[in-house]
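Below: the structure, in structure tokens.
The values are calculated or read from the model by the stated rules, or taken from the named source; none is laboratory data. No experiment lies behind these values; they were computed from the predicted model shown. So basically every Cβ, Gly included, is an ideal-geometry build from the backbone, and we count neighbours across all protein chains shown.
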Amino acid sequence: MPKSQRVRRFVIEENHLIAPFNEPARDLSILNKPLKLHHADVLDAVCGPAGVEPPLTSIHELARLAGRDDACLVYRDNLYFDEEFFSAFYERAQASGAPCRAALPADDAAWRKYAVPLSRLKPVCDPAGRPLYYPLDLWYFPEGYAEPHKWQAVPIPSDYKEIGYYNVPDSMANLRPGGADGAVARDLDLTHLLTERSCLSIDSWVHVYFANIILGVFSRGKRFEKRISEHNLLALRILFRAILEQKQVLTCSEVVKVGEGTTIDPSAVILGPTTIGRNCSIGPGVVIDNSIIGDNVNIAQGCQIMLSVVGNHCFLPFRAALFMSTVMDYSIIAQNTCIQMGVIGRNSFVGAGTTFTDFNLLPAPLRALNAYDELEDTGQPVLGSCVGHNARLGSGLVVMPARVIESDVVLFASPERRVINRNVSYEESDHHKVRASVAKQHRRRYPRVAESEEAFLEPW
């Protein structure tokens with residue numbers, strides 16, 4: 001089918017709220033834009049612009065909305081896919097001429113490591129019970145709706161490459177709980193599988209982390225290195241630009257994209273591939289490596305940002321550090337704070353000197369809430385923590401690995417609670433402990449679904 005032919009797009013709305021944000025996945029920031037806008041950009045790039053269709057609650061509703069001659073794309077709005085993944089599916093589906101459903105091959109280690117844990121994905125198995133693939137809520141219909149027995153599965157491989165990313169002593173790197181007798185086994189290395197194509201069903205905050213960092217900026221860097229090694233003209237163009245600008249290769253404008261109105265101190269070191277938005281301020285001594293920085297961001301002197309995503313209108317005072325972390329719009333990460341492999345929601349504040357740790361000193365599994373709001377082993381040997389939207393964290397806190405702090409929580413550092421060693425819900429927020437006239441100054445904006453009718457929601 002030519003790209004110019006109209007393809008109708010339908011979205012199945014997923015209203016499950018992702019903890020601790022208490023917000024649907026479609027509204028969460030992925031690579032500095034809401035997931036629903038990311039969908040629109042990817043589909044426009046591959047299929048061309050299309051009009052807005054009414055949302056669906058089920059794939060079977062398509063039968064009454066689409067005619068027999070309508071080519072249709074249908075996807076659930078908590079599904080993250082990049083342009084490379086969607087292009088591979090779309091091209092194969094068009095070539096088949098049959099109704100198709102995207103799937104993740106069960107023998108692909110990257111999908112097993114990132115997409116399957118904590119999700120709702122269920123495998124299709126062979127007669128012997130071995131998983132063959134995991135169907136996704138992404139369909140292509142060349143001639144209107146078709147019954148499920150006519151769908152063809154289109155498994156899309158990730159074409160991953162294993163990359164080491166973290167160094168700790170070998171004596172402690174791979175410790176994991178073993179059998180019933182409490183034995184300890186070494187079965188996990190500190191590596192990541194960086195993909196050529198990325199896809200996740202976002203059912204947990206951990207998937208937000210994977211989509212932004214591991215399958216986002218980290219995989220983007222790996223793809224960039226691959227293109228350089230395979231395309232001599234591209235390598236020569238980057239080298240020529242670096243010579244012309246009298247810069248190192250990874251700091252030239254071919255690999256570091258800077259928006260209009262942004263000022264960068266001459267002593268800052270910025271290594272590509274990095275994208276910096278408009279009207280930003282990058283102070284002296286700042287180091288940025290393979291990251292995405294949004295618009296109107298202020299990064300003060302001495303900050304270090306590596307393999308991270310910083311949202312629009314964020315502020316990082318001096319010596320703040322982000323390593324493989326995501327900070328959403330309008331948040332402040334105060335001075336001397338270190339966040340490792342974590343996620344910070346919108347309009348949140350993390351006080352000075354706070355540390356987000358990412359490695360369990362004892363061999364206990366790192367668990368997180370899954371799609372069913374139950375704790376499940378993430379399978380990750382190293383993982384940071386997550387803070388929801390509109391949260392306020394005091395100075396000098398230490399947050400243990402894989403903990404979550406719910407949206408709208410306020411935490412005061414005190415001798416009784418300096419180390420956050422368990423999940424913190426809104427009911428445990430410290431602002432409830434102060435007098436009512438002060439507590440009411442902090443309004444709740446992101447209630448859990450059962451409380452949404454009673455809570456006060458202040459609009460942005």
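Worth a mention:
- When we screen Gln335, Gln340 for residues that are surrounded by fewer than 20 Cβ atoms within 10 Å (Cβ to Cβ) and in contact with a strand residue (DSSP E or B) (Cβ under 9 Å, 6 or more places away or on another chain), the only hit is Gln335.
- Asn279 being part of a loop (DSSP other than H, G, I, E, B), under 21 Å from the mean Cα position of the chain (by Cα) and among the polar types (S, T, N, Q): no
- Only one entry in Glu23, Glu13 is surrounded by fewer than 21 Cβ atoms within 10 Å (Cβ to Cβ), closer than 29 Å to Gly311 by Cβ and in contact with a helix residue (DSSP H, G or I) (Cβ under 8 Å, 6 or more places away or on another chain), namely Glu13.
- Output for the range 335-387, where each listed residue is under 17 Å from the mean Cα position of the chain (by Cα), farther than 15 Å from Ile18 by Cβ and aliphatic (A, V, I, L, M): Ile339, Met341, Val382, Leu383
- Residue list for the range 246-282, restricted to those being among the hydrophobic types (A, V, I, L, M, F, W, C) and buried (at least 17 other Cβ atoms within 10 Å of the Cβ): Leu250, Cys252, Val255, Val256, Val258, Ile264, Ala268, Ile270, Leu271, Ile276, Cys280, Ile282
- Flag if Glu374 is of a type in the set (Asp, Glu) and at pLDDT 95 or above: no
- Screening Val409 against (1) β-branched (Val, Ile, Thr); (2) at pLDDT 95 or above; (3) out of contact with any His (no Cβ under 9 Å at 6 or more places or on another chain) leaves a single unmet condition, (3).
- Filter pass, Phe141 being modelled with pLDDT of 95 or more, in the same structural domain as Pro34 (by TED's automatic domain parsing), of a type in the set (Phe, Trp, Tyr) and within 19 Å of the chain's Cα centre (by Cα): no
- Of the set (1) modelled with pLDDT under 90; (2) within 21 Å of Leu28 (Cα to Cα); (3) in the same structural domain as Met341 (by TED's automatic domain parsing), all apply to Ala436 but (2).
- Taking the range 266-308 as the range and being touching a Gly at 6+ places or on another chain (Cβ under 7 Å) and within 17 Å of Gly221 (Cα to Cα) as the test, the residues that pass are Pro273, Ile276, Asn290, Ile293.
- Filter pass, Leu62 being out of contact with any Cys (no Cβ under 8 Å at 6 or more places or on another chain) and either assigned to a helix (DSSP H, G or I) or surrounded by fewer than 19 Cβ atoms within 10 Å (Cβ to Cβ) (or both): no
- Between Gly384, Gly394, Gly379, the distinction of being surrounded by 14 or more Cβ atoms within 10 Å (Cβ to Cβ), on the phi > 0 side of the Ramachandran plot and not assigned by TED's automatic domain parsing to the domain that holds Tyr114 belongs to Gly379 only.
- Residues (aliphatic (A, V, I, L, M) and over 30 Å from Gly216 (Cβ atoms)) located in the range 113-160: Ala128, Ala146
- Scanning the range 112-137 for residues that are of a type in the set (Lys, Arg), touching a residue at least 40 places away in the same chain (Cβ under 8 Å) and part of a helix (DSSP H, G or I) yields a single hit, Lys113.
- Residue within the range 81-99 that is part of a strand (DSSP E or B), in the same structural domain as Trp151 (by TED's automatic domain parsing), surrounded by 22 or more Cβ atoms within 10 Å (Cβ to Cβ) and among the aromatic types (Phe, Trp, Tyr) present: yes
- Note on the range 326-346: residues that are within 20 Å of Leu28 (Cβ to Cβ) and either among the acidic types (Asp, Glu) or free of Cβ contacts under 8 Å to residues at least 60 places away in the same chain (or both) total 8.
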